[in-house]
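Here's the structure, in structure tokens; my notes come after.
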Amino acid sequence: MERKKSLTDKFLNIIEKGGNALPHPGTLFAILAVVVIIISGIGYALGWSVDFIGINRKTFKVEEMVVKVKPLVTKEGVNYIFTSLVNNFTSFAPLGTVLVAIIGIGIAEKSGLMGMLLKKIALSTPKNLVTVVVIFLGIMSNIASDAGYVILPPLAALIFLSFGRHPIAGLAAAFAGVSGGFSANLLIGTIDPLLGGISTEAARILSPVYEVLPTANWFFMMASTFLITGLGTLINNKIVEPRLGVYTGDEKLEFHDVTLEEKKALRASGLASIVMLILFVPLYFILGKNFLGAGLVPIIVLFFAIPGLAFGKSIGTIKNDSDVMEMLRKSFSGMAGYIVLVFFAAQFIAYFNYTNLGTILAVKGADFLQNTGITGIPLMVGFILIVGFLNLFMGSASAKWAILAPVFIPMFMRIGYSPEFTQLAYRIGDSATNIVSPLMSYFAMIIVFMQKYDKKASLGTLVSTMLPYSIAFLIGWTIFLAIWMNLGISIGPGVGIEYISGF
């Protein structure tokens, strides 16, 4: 019998139908690029501009800035459109990461290693803990920068499919953990020192020797890991998966008991992984932090490819180099839709950034909140909501913070809140709406992953699926922050909520 639709289901269905009534995502991004061109011309004619104190992201110095709309309808703008077309596409950050990662993932998948690992997970993990594990791994994956976006969502979809559950629910749960829980983690991630550096410069507007450390928000973010895992699991099991219903697509994944040959091949891949770890440890100490920074994607490729080769050679799916090249050909052929979509998405995002429309919107939003005159918890709630809204139009966490930090950190310091606490509130708003923002770099890629299980999936499908997570994270995280404020607990090692004047 068909499940009775709740009010939430009906609301999300309206969003999905409305979103999917729009053109194909690639066409939609092309239309949005044209809209940006037109709006930039209007803004230029009307003299849109903002004056503010901001942080130069190259020098990390506080500077007085005047930002005006840069039109795309003038000679200079039209020249930019034509001369930047190729570079916008090839320099689109997720494109290289995804395509390079596919080399390793493709070998691991086509050799049979991925399927075998999924079988082991399916046979050993309790069914009621799968959602918890997927979301938790998503949150933890952000210590590896953007790698979690590429690896975890498609893997989680297969894990859910192996349990007879809807694969899109698994994909959504992983995306919610990786992106919606971007600031939560048990460890210090790559974003912590970056935001801390910007916050330091903003705090020095009032206190010249102030320093915001990468560990500034660590205690709160550790606790948030469990909060986001719990909220994500609740939303997935009570709203998202019931709404998706029973999966009736063509993709199937059935497991039998592990054979002796498969066990032998798994041991071979495991041994290959151990050898790689032994080799990588001294490289880390020789090459330093860049080895796990800029070199992370190649490391991930090798950690998939080498065990995949060992498994395939042992099990018989790889006999020679031609088999490997054929595996890679099939893997890359499946990315054609993503490449087409990225071309148009890259142009839209590049045009939006070029015109300065996002910067102007961010500064206007900051001015609005500053002029409201509210204080205390309502002030922080308003700040989080403003950041969450701006995140829909300006995806980069560091770019937004470079604009907002010099405004809000001194402002909140004057009324008694520490720079670390202001940074913490910012991170909540910035993370919660990532999963419903078309300007988020990996948004287009998630749509393509989703279309593997639902050919008709489009922008509306993804937004309606992810919106419950976003709302729950925004509300739940904000309430959690308010409780933390009332209890006066340290948000990081030696870091409190209050700012002591003169420190």
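Computed from the coordinates by the stated procedures, all read-outs in this text should not be read as laboratory data. Only a predicted model underlies this, so the values are computations on that prediction, with no experimental measurement involved. Using ideal geometry, Cβ is built from the backbone for each residue, glycine included, and neighbour counts are taken over all protein chains shown.
Worth pointing out:
- Among Ile55, Ile403, Ile188, a tally of other beta-carbon atoms within 10 Å of each Cβ gives an order, fewest to most, of Ile188, Ile55, Ile403.
- Each Cα pair under 8 Å and six or more residues apart adds its separation to the average, and for segment 1-70 the resulting relative contact order is 22 percent.
- Residue order, fewest to most surrounding Cβ atoms within 10 angstrom, among Trp48, Trp477: Trp48, Trp477
- Candidate aspartates and glutamates - alpha carbon under 16 Å from Lys127, same-chain residues fewer than 8 apart omitted: Glu241, Glu254
- Net charge of neighbours whose Cβ lies under 11 Å from the Cβ of Tyr210, counting Lys and Arg as +1 and Asp and Glu as -1: -2
- Residues Leu266, Leu277 in ascending order of nearby Cβ atoms (within 10 Å, fewest first): Leu277, Leu266.
- Dipole moment magnitude, nearest 20 debye, segment 7-487 about Cα centre, only Lys, Arg, Asp, Glu C-beta charged: 380 debye
- Once the chain from Ile274 to Ile38 is taken as fully extended at 0.36 nm per residue, the excess over their C-alpha distance is 79.4 nm.
- The lysines within cross-link reach of Lys313, meaning a Cα-to-Cα straight distance under 29 Å and a gap of 8 or more places when in the same chain, are Lys110, Lys119, Lys120, Lys252, Lys263, Lys264, Lys330, Lys452.
- Ordering Gly54, Tyr426, Met327 by Cα displacement along the dipole of the chain toward the positive end leaves Met327 in first place; charges were set at the Cβ atoms of Lys, Arg (+1) and Asp, Glu (-1).
- In nm, spacing of pseudo-spin labels at Asn371 and Glu261 (7 Å Cα→C-beta vector): 7.3 nm
- In this calculation the C-beta distance from Ile479 to Met222 is compared with R0 = 22 Å, giving a FRET efficiency of 0.80.
- Taking the longest Cα principal axis of the chain as reference, the axis of helix 459-487 is set at about 60 degrees.
- A simple count of charges around Gly308, restricted to other residues whose Cβ falls under 12 Å of its Cβ and scoring Lys, Arg +1 and Asp, Glu -1, yields 0.
- Karplus-derived HN-Hα couplings along segment 438-450 (A = 6.51, B = -1.76, C = 1.60, θ = phi - 60°), whole Hz, x at Gly and Pro: x, 7, 5, 3, 9, 4, 5, 5, 5, 4, 5, 4, 5
- 3J(HN,Hα) along segment 33-42, derived from phi through the Karplus expression 6.51 cos²θ - 1.76 cosθ + 1.60 where θ = phi - 60°, amounts to 4, 5, 4, 4, 4, 5, 5, 4, x, 5 Hz, with x in place of Gly and Pro.
- Cα gyration tensor shape of segment 360-503, rounded if a/c is under 1.5, else prolate or oblate by comparing a/b with b/c: prolate
- Positive-end ranking of Ile168, Ala346, Ile299 along the dipole of the chain, with charges on Cβ about the Cα centre, is headed by Ile168.
- When the chain is described by a simple charge dipole with +1 on each Lys and Arg Cβ and -1 on each Asp and Glu Cβ, the residue from Pro193, Leu390, Ile286 located farthest towards its positive end is Leu390.
- Label selected from (1) 148; (2) 167; (3) 132, the criterion being volume of the Cα convex hull per residue in Å³ as computed here: (2)
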